[in-house]
Amino acid sequence: MEESVSRLFTEELLQKALSLFTATEQEPKKLGDFENYAFEVYRNGIPFVLRLTHSSHRSKDQIESELDWLNFLSNQMVNVCRAMSSINGNYVEALVSEDTFFYACLFNKANGKNVRTEEFNDTLFYQWGKLVGKMNHATKNYQKPDHITKRPEWDEDDLNLIEKYAPTDDKEVIEKGKALLQQIQQLEKDPNSYGLIHSDIHSGNFFVENGKIEVFDFDDCSYHWFASDIAIPIYYAVWFNTALESKKERSEFAQNFARQFLKGYYEENHIDPYWIRQIPLFFKLRDLTLYSVFHKKEDLTKASERLLKLVSDIKNRILLDEAIADIDYELILKEIEKVNK
């Protein structure tokens, strides 16, 4: 969390949020503080997750629209951690901190636990794909209520403004980034290819229990191409797997992951093969976003060797116009077509 925000976050503010959601049973356990403050809390012996978001990160309207879509998905029987209302009947409570706000909301806590990369297997990849497919399919029927503000479009995220966060001497990276954004902005949009997506369904944002995946952390949800919701799980599955040292190893792993994932996805949602072929663009967009994130959030002069290597690898891929892994999408599409005949 930025120092300017952490200075404003007080114990008194946390206690007020706990009271508003009647979650004062046990001492809150901090779960994270990268973009939001998240705590495991209890009421009636049941664990929940309390999230506090600073107004510099999201507006109250944006969070309300996030939670409306989240609870819509829950009502459509998609396995997501729905939002709960406060004692005032609000899903979002605004807490004043000097001349800013923290916005508090409460979520069901997912059952199970995170899956480590050593535990990755074909069954998980297949179920992962089914869940994302079901989410994208359900979203086609989502109608935003008139009183709810629309979530941002994908290109309204300031992290796409590579020139804002990259070092000024990274001129070639900045130019490559701008060119990529222009290329993606030319893609067509229609209800079968474009809508609200989670935007960040990696293995750190779901728990698994008895083979059932339950997704959380919808903070980055935006209007985007469904193909990006396919690309992001593949990207992070490769990126998190530190055992994959060479491009060849990454590509072999990604080929199998994509095969199993898309088998599950196509059982729940049909997407034109054209969009599967665009996945490399969304790999590159995530590289661009992460390059901005690391320069925004981290002091890279004090970074670990591992982080510096990650940032260096991303920069090299941007400069070379490369995707994180090469996948034979035509082969996978043929296999899926054969199964669905």
*Pick from segment 271-301 the residues that are touching a residue at least 60 places away in the same chain (Cβ under 8 Å) and assigned to a loop (DSSP other than H, G, I, E, B): which of them is most open to solvent (accessible area, probe 1.4 Å)?*
D272
*Kindly indicate whether any position in segment 188-209 is assigned to a helix (DSSP H, G or I) and more than 12 Å from the chain's Cα centre (by Cα).*
no
*asked:* So Y42 ticks every box in (1) within 24 Å of the chain's Cα centre (by Cα); (2) of a type in the set (F, W, Y); (3) open to solvent by less than 60 Å² (accessible area, probe 1.4 Å) but one. Which box is left unticked?
replied: (1)
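Name the residues in segment 57-86 that are touching an Asp or Glu at 6+ places or on another chain (Cβ under 8 Å) and outside any strand (DSSP E or B), would you?
Of the residues in segment 57-86, the ones touching an Asp or Glu at 6+ places or on another chain (Cβ under 8 Å) are 57-58, 66, 79-81, 86.
Scanning segment 57-86 gives H57, R58, E66, N79, C81, S86.
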*asked:* I'd like the residue in segment 154-178 that is open to solvent by 50 Å² or more (accessible area, probe 1.4 Å) and within 21 Å of S199 (Cα to Cα) and, out of all such residues, is farthest from the chain's Cα centre (by Cα).
replied: K178
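Closer than 23 Å to Y223 by Cβ, hydrophobic (A, V, I, L, M, F, W, C) and at pLDDT 95 or above - does that describe any residue in segment 256-270?
If we filter segment 256-270 for residues that are closer than 23 Å to Y223 by Cβ, which is where we start, we get 261-262, 265-266, 268-270.
Adding the requirement that they be hydrophobic (A, V, I, L, M, F, W, C) leaves 261-262.
From what is left, the residues that are at pLDDT 95 or above are 261-262.
Yes, segment 256-270 has at least one match.
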*Scan segment 11-32 for residues that are open to solvent by less than 60 Å² (accessible area, probe 1.4 Å) and either touching a strand residue (DSSP E or B) at 6+ places or on another chain (Cβ under 6 Å) or over 22 Å from G89 (Cα atoms) (or both) and jot them down.*
L13, A17, L20, F21, A23, P28, G32
*Specify the residue that is surrounded by the most Cβ atoms within 10 Å (Cβ to Cβ); the eligible residues are those in segment 246-256 that are without any contact (Cβ under 8 Å) to a residue 40 or more places away in the chain and over 18 Å from E119 (Cα atoms).*
K248
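Being closer than 23 Å to T139 by Cβ, modelled with pLDDT of 95 or more and touching a strand residue (DSSP E or B) at 6+ places or on another chain (Cβ under 9 Å) narrows it down to one residue among R58, R82; which is it?
R82
Answer yes or no: is there a residue in segment 257-269 that is assigned to a strand (DSSP E or B), open to solvent by less than 20 Å² (accessible area, probe 1.4 Å) and among the hydroxyl-bearing types (S, T, Y). I'd like the intermediate steps shown before the answer.
Of segment 257-269, the ones assigned to a strand (DSSP E or B) are none.
No, because not a single residue in segment 257-269 is assigned to a strand (DSSP E or B), open to solvent by less than 20 Å² (accessible area, probe 1.4 Å) and among the hydroxyl-bearing types (S, T, Y).
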*Residues G112, G32: which one is at pLDDT below 95, under 17 Å from F206 (Cα atoms) and of a type in the set (G, A, S)?*
G32
_Filter result (open to solvent by less than 10 Å² (accessible area, probe 1.4 Å) and either without any contact (Cβ under 8 Å) to a residue 40 or more places away in the chain or assigned to a helix (DSSP H, G or I) (or both)) within segment 93-137_ = F125, W128, G129, V132, G133, M135, N136
*Would segment 153-171 turn up any residue that is among the charged types (D, E, K, R), in contact with a strand residue (DSSP E or B) (Cβ under 6 Å, 6 or more places away or on another chain) and closer than 20 Å to N136 by Cα?*
yes
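The values are calculated or read from the model by the stated rules, or taken from the named source; none is laboratory data. This one's a predicted model, so the numbers in the text were calculated from it and none came from an experiment. So basically every Cβ, Gly included, is an ideal-geometry build from the backbone, and we count neighbours across all protein chains shown. When the accessible area is computed, the model is the full protein with side chains, heavy atoms only, and any ligands, DNA or RNA have been set aside. Shrake-Rupley method; radii C 1.70, N 1.55, O 1.52, S 1.80 Å.
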